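Trainee: Pasting in a structure now, in C-alpha coordinates, and then I'll have a few things to ask.
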Amino acid sequence: MQCHKVDYEIIGDSMPMLEVELDPGETVVAEAGSMNYMEQDISFEAKMGDGADPEEGMFSKLFSAGKRMVTGESLFMTHFSNSGSQKRKVAFAAPYPGMVVPVDMSQTGNRLYCQKDAFLCAALGTRLSVAFSRKLGAGFFGGEGFVLQKLEGDGMAFIQAGGTVVKKELNNETLRIDTGCLVGFSEGVEYDIEMVKGLKSMFLGGEGLWLATLSGTGSVWVQSLPFSRLADRIIAAAPAMGGKNKGES
(Lines give C-alpha, C1' and ligand atoms only; values in the text may rest on other atoms or scores of the structure.)
Protein backbone atom coordinates (compact mmCIF):
# COMPACT_ATOMS: atom_id res chain seq x y z
CA MET A 1 0.00 0.00 0.00
CA GLN A 2 1.38 3.40 -0.99
CA CYS A 3 1.67 5.77 1.98
CA HIS A 4 -0.51 8.86 2.26
CA LYS A 5 1.40 12.08 1.56
CA VAL A 6 1.03 14.24 4.65
CA ASP A 7 2.30 17.75 5.31
CA TYR A 8 3.70 18.70 8.71
CA GLU A 9 5.26 21.40 10.88
CA ILE A 10 7.44 20.93 13.96
CA ILE A 11 6.68 23.65 16.51
CA GLY A 12 9.26 24.36 19.22
CA ASP A 13 12.79 23.15 19.89
CA SER A 14 13.63 21.20 23.05
CA MET A 15 10.07 20.03 23.76
CA PRO A 16 8.41 20.32 20.33
CA MET A 17 4.96 19.58 19.06
CA LEU A 18 4.37 17.91 15.71
CA GLU A 19 1.44 19.33 13.73
CA VAL A 20 0.30 17.16 10.80
CA GLU A 21 -1.94 18.59 8.09
CA LEU A 22 -4.30 16.08 6.49
CA ASP A 23 -6.05 16.51 3.17
CA PRO A 24 -9.64 15.18 2.97
CA GLY A 25 -9.50 11.39 3.20
CA GLU A 26 -5.91 11.26 4.49
CA THR A 27 -4.96 9.35 7.65
CA VAL A 28 -2.03 9.33 10.04
CA VAL A 29 -1.32 6.44 12.43
CA ALA A 30 0.02 7.31 15.88
CA GLU A 31 1.17 5.72 19.10
CA ALA A 32 -1.68 5.57 21.62
CA GLY A 33 -1.80 8.58 23.95
CA SER A 34 0.43 10.89 21.89
CA MET A 35 -2.25 13.26 20.53
CA ASN A 36 -2.36 16.87 21.80
CA TYR A 37 -5.21 18.42 19.83
CA MET A 38 -7.17 17.98 16.62
CA GLU A 39 -9.30 20.31 14.55
CA GLN A 40 -12.89 19.72 13.54
CA ASP A 41 -13.56 17.01 10.94
CA ILE A 42 -10.69 14.93 12.35
CA SER A 43 -11.99 11.60 13.60
CA PHE A 44 -9.97 8.94 15.38
CA GLU A 45 -10.33 5.23 15.97
CA ALA A 46 -8.23 2.74 17.93
CA LYS A 47 -7.37 -0.22 15.73
CA MET A 48 -5.37 -3.38 16.10
CA GLY A 49 -2.60 -2.99 13.56
CA ASP A 50 -1.13 -0.27 11.39
CA GLY A 51 -3.68 -0.52 8.56
CA ALA A 52 -0.97 -0.92 5.92
CA ASP A 53 -2.68 -4.03 4.53
CA PRO A 54 -6.48 -3.57 4.23
CA GLU A 55 -6.90 -7.29 3.43
CA GLU A 56 -5.04 -8.44 6.53
CA GLY A 57 -6.98 -11.05 8.53
CA MET A 58 -7.75 -11.03 12.25
CA PHE A 59 -5.16 -13.70 13.09
CA SER A 60 -2.43 -11.74 11.32
CA LYS A 61 -3.48 -8.56 13.15
CA LEU A 62 -3.35 -10.36 16.50
CA PHE A 63 0.09 -11.75 15.72
CA SER A 64 1.42 -8.31 14.71
CA ALA A 65 -0.11 -6.67 17.80
CA GLY A 66 1.41 -9.36 20.01
CA LYS A 67 4.85 -8.63 18.63
CA ARG A 68 4.35 -4.92 19.35
CA MET A 69 3.61 -5.77 22.97
CA VAL A 70 7.10 -7.30 23.17
CA THR A 71 8.47 -3.80 22.63
CA GLY A 72 6.37 -2.44 25.50
CA GLU A 73 4.03 -0.53 23.18
CA SER A 74 0.25 -0.52 23.21
CA LEU A 75 -1.72 -3.39 21.67
CA PHE A 76 -3.74 -0.82 19.67
CA MET A 77 -2.76 2.12 17.48
CA THR A 78 -4.84 5.23 16.89
CA HIS A 79 -5.83 6.20 13.34
CA PHE A 80 -6.62 9.90 12.80
CA SER A 81 -8.51 10.68 9.58
CA ASN A 82 -9.81 13.83 7.92
CA SER A 83 -13.46 13.14 7.13
CA GLY A 84 -14.21 16.73 6.06
CA SER A 85 -13.94 18.60 2.77
CA GLN A 86 -10.94 20.82 3.55
CA LYS A 87 -7.49 20.48 5.10
CA ARG A 88 -7.40 19.92 8.86
CA LYS A 89 -4.64 19.52 11.45
CA VAL A 90 -3.86 17.12 14.29
CA ALA A 91 -0.93 17.52 16.69
CA PHE A 92 1.26 15.08 18.60
CA ALA A 93 4.10 15.33 21.10
CA ALA A 94 6.67 13.10 22.77
CA PRO A 95 6.10 12.19 26.46
CA TYR A 96 9.53 13.50 27.55
CA PRO A 97 11.91 16.40 26.69
CA GLY A 98 13.68 15.96 23.40
CA MET A 99 13.11 16.26 19.67
CA VAL A 100 10.74 14.98 17.01
CA VAL A 101 12.65 13.77 13.96
CA PRO A 102 10.92 13.62 10.53
CA VAL A 103 12.15 10.82 8.26
CA ASP A 104 11.23 10.51 4.59
CA MET A 105 11.44 6.75 4.19
CA SER A 106 11.62 7.02 0.41
CA GLN A 107 15.14 8.35 1.09
CA THR A 108 16.13 5.51 3.45
CA GLY A 109 15.51 2.51 1.21
CA ASN A 110 11.83 2.40 2.27
CA ARG A 111 12.90 0.93 5.60
CA LEU A 112 13.87 2.35 9.00
CA TYR A 113 14.95 0.62 12.19
CA CYS A 114 14.49 2.45 15.49
CA GLN A 115 14.50 1.92 19.25
CA LYS A 116 11.43 0.25 20.66
CA ASP A 117 9.97 3.48 22.14
CA ALA A 118 11.03 5.86 19.34
CA PHE A 119 7.98 5.68 17.05
CA LEU A 120 5.59 8.62 17.35
CA CYS A 121 3.43 8.54 14.20
CA ALA A 122 3.51 7.93 10.46
CA ALA A 123 1.42 8.30 7.34
CA LEU A 124 -1.13 5.54 6.73
CA GLY A 125 0.47 2.81 4.63
CA THR A 126 3.54 2.54 6.85
CA ARG A 127 4.03 -1.01 8.08
CA LEU A 128 5.27 -1.44 11.66
CA SER A 129 6.82 -4.65 12.91
CA VAL A 130 9.43 -5.94 15.35
CA ALA A 131 13.03 -6.67 14.33
CA PHE A 132 15.09 -8.76 16.72
CA SER A 133 18.82 -8.42 16.33
CA ARG A 134 20.29 -11.12 14.15
CA LYS A 135 23.59 -11.05 16.07
CA LEU A 136 23.95 -13.29 19.13
CA GLY A 137 25.98 -10.68 21.01
CA ALA A 138 23.50 -7.91 20.27
CA GLY A 139 20.64 -10.15 21.34
CA PHE A 140 22.04 -10.97 24.76
CA PHE A 141 23.93 -7.79 25.56
CA GLY A 142 22.32 -5.06 23.48
CA GLY A 143 20.28 -3.66 26.37
CA GLU A 144 17.91 -1.05 24.96
CA GLY A 145 18.95 -1.99 21.44
CA PHE A 146 17.92 -5.65 21.70
CA VAL A 147 14.40 -5.26 20.32
CA LEU A 148 14.05 -2.81 17.45
CA GLN A 149 10.99 -1.52 15.62
CA LYS A 150 11.02 -1.83 11.83
CA LEU A 151 9.12 0.73 9.76
CA GLU A 152 8.51 0.08 6.08
CA GLY A 153 6.95 2.40 3.53
CA ASP A 154 7.55 5.28 1.14
CA GLY A 155 6.06 8.16 3.16
CA MET A 156 6.84 10.28 6.20
CA ALA A 157 7.51 8.75 9.60
CA PHE A 158 8.19 10.66 12.81
CA ILE A 159 10.36 9.38 15.65
CA GLN A 160 10.94 10.84 19.10
CA ALA A 161 14.24 11.05 20.98
CA GLY A 162 15.68 12.60 24.14
CA GLY A 163 17.85 15.72 24.22
CA THR A 164 19.47 16.73 20.94
CA VAL A 165 19.48 14.43 17.92
CA VAL A 166 22.42 14.19 15.52
CA LYS A 167 22.16 12.51 12.12
CA LYS A 168 25.38 10.77 11.08
CA GLU A 169 25.96 9.67 7.49
CA LEU A 170 28.11 6.54 7.09
CA ASN A 171 29.90 5.78 3.83
CA ASN A 172 31.23 2.25 4.29
CA GLU A 173 32.28 3.33 7.80
CA THR A 174 31.80 2.20 11.40
CA LEU A 175 30.30 4.20 14.27
CA ARG A 176 30.40 3.11 17.93
CA ILE A 177 27.88 4.59 20.34
CA ASP A 178 26.28 3.89 23.71
CA THR A 179 23.47 1.38 23.19
CA GLY A 180 20.92 3.70 24.81
CA CYS A 181 21.90 6.66 22.62
CA LEU A 182 20.90 4.92 19.42
CA VAL A 183 17.62 6.27 18.01
CA GLY A 184 17.49 4.57 14.63
CA PHE A 185 19.28 3.71 11.40
CA SER A 186 18.43 3.21 7.75
CA GLU A 187 18.67 0.24 5.41
CA GLY A 188 22.30 -0.55 4.55
CA VAL A 189 23.57 -0.23 8.12
CA GLU A 190 24.42 -3.35 10.13
CA TYR A 191 23.90 -3.34 13.91
CA ASP A 192 26.02 -5.30 16.39
CA ILE A 193 27.39 -5.11 19.94
CA GLU A 194 31.03 -5.18 21.03
CA MET A 195 32.59 -5.35 24.51
CA VAL A 196 34.59 -2.42 25.85
CA LYS A 197 38.29 -3.26 25.70
CA GLY A 198 40.42 -3.22 28.83
CA LEU A 199 39.39 -4.08 32.38
CA LYS A 200 40.11 -0.54 33.63
CA SER A 201 37.91 1.06 30.98
CA MET A 202 35.28 -1.63 31.44
CA PHE A 203 34.75 -1.18 35.17
CA LEU A 204 35.93 2.38 35.85
CA GLY A 205 35.08 4.21 32.64
CA GLY A 206 31.41 4.69 33.51
CA GLU A 207 30.33 3.90 29.94
CA GLY A 208 29.06 0.38 30.58
CA LEU A 209 30.41 -2.93 29.31
CA TRP A 210 29.02 -2.80 25.77
CA LEU A 211 28.93 -0.43 22.81
CA ALA A 212 26.65 -0.50 19.79
CA THR A 213 28.54 -0.86 16.52
CA LEU A 214 26.92 0.38 13.31
CA SER A 215 28.69 -0.36 10.05
CA GLY A 216 27.96 0.16 6.38
CA THR A 217 26.47 2.92 4.25
CA GLY A 218 23.41 4.83 5.40
CA SER A 219 22.02 7.17 8.04
CA VAL A 220 22.22 6.83 11.83
CA TRP A 221 20.31 9.00 14.33
CA VAL A 222 21.89 9.50 17.78
CA GLN A 223 20.25 11.10 20.85
CA SER A 224 22.18 12.99 23.53
CA LEU A 225 19.89 12.15 26.46
CA PRO A 226 18.17 8.74 26.48
CA PHE A 227 15.07 8.76 28.67
CA SER A 228 16.49 5.88 30.75
CA ARG A 229 19.54 8.01 31.62
CA LEU A 230 17.34 10.96 32.57
CA ALA A 231 15.12 8.73 34.71
CA ASP A 232 18.14 7.27 36.52
CA ARG A 233 19.35 10.77 37.45
CA ILE A 234 15.89 11.81 38.67
CA ILE A 235 15.51 8.67 40.80
CA ALA A 236 19.02 9.06 42.24
CA ALA A 237 18.25 12.68 43.24
CA ALA A 238 14.84 11.92 44.76
CA PRO A 239 14.92 12.16 48.60
CA ALA A 240 12.66 9.11 48.91
CA MET A 241 15.29 7.09 47.04
CA GLY A 242 18.20 8.36 49.11
CA GLY A 243 18.91 11.49 47.13
CA LYS A 244 19.90 14.69 48.92
CA ASN A 245 18.03 17.99 48.99
CA LYS A 246 20.28 20.56 47.32
CA GLY A 247 18.70 23.50 49.16
CA GLU A 248 16.21 24.43 46.47
CA SER A 249 12.99 25.99 47.71
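The values are calculated or read from the model by the stated rules, or taken from the named source; none is laboratory data. These numbers were taken from a predicted model, which means no experiment stands behind them. Virtual Cβ from ideal backbone geometry, glycine too; neighbours counted across all protein chains shown. These area figures cover heavy atoms from the full protein model, side chains too; ligands, DNA and RNA do not enter into them. Shrake-Rupley method; radii C 1.70, N 1.55, O 1.52, S 1.80 Å.
Trainee: Given a 1.4 Å probe and the protein chains all in place, what does the accessible area of R127 round to, in Å² to the nearest 10?
Mentor: 90 Å²
Trainee: Next question. Could you state how much accessible area V183 has, in square angstrom rounded to the nearest 10, with a 1.4 Å probe and all protein chains kept in place?
Mentor: For V183, solvent-accessible area is about 0 Å².
Trainee: At 7 Å along the Cα-to-beta-carbon direction for both M195 and Q40, put a label point, then send me their distance in nm to one decimal.
Mentor: Here the modelled spin labels are 6.5 nm apart.
Trainee: Under 5 Å between amide hydrogens, which residues at least 5 positions from C3 or on another chain qualify, with H placed 1.01 Å from N in the peptide plane?
Mentor: Result for C3 returns D154, G155.
Trainee: Quick one: which residues, 5 or more positions from E26 or on another chain, have an amide H under 5 Å from its amide H? H modelled 1.01 Å from N in the peptide plane, none for Pro or chain starts.
Mentor: Close amide H contacts, sequence-distant or interchain: N82.
Trainee: While we're looking at this one, here's another question. Calculate the spin-label point distance for S83 paired with E169, positioning each point 7 Å from the Cα along the beta-carbon direction, and give it in nanometres.
Mentor: 4.4 nm
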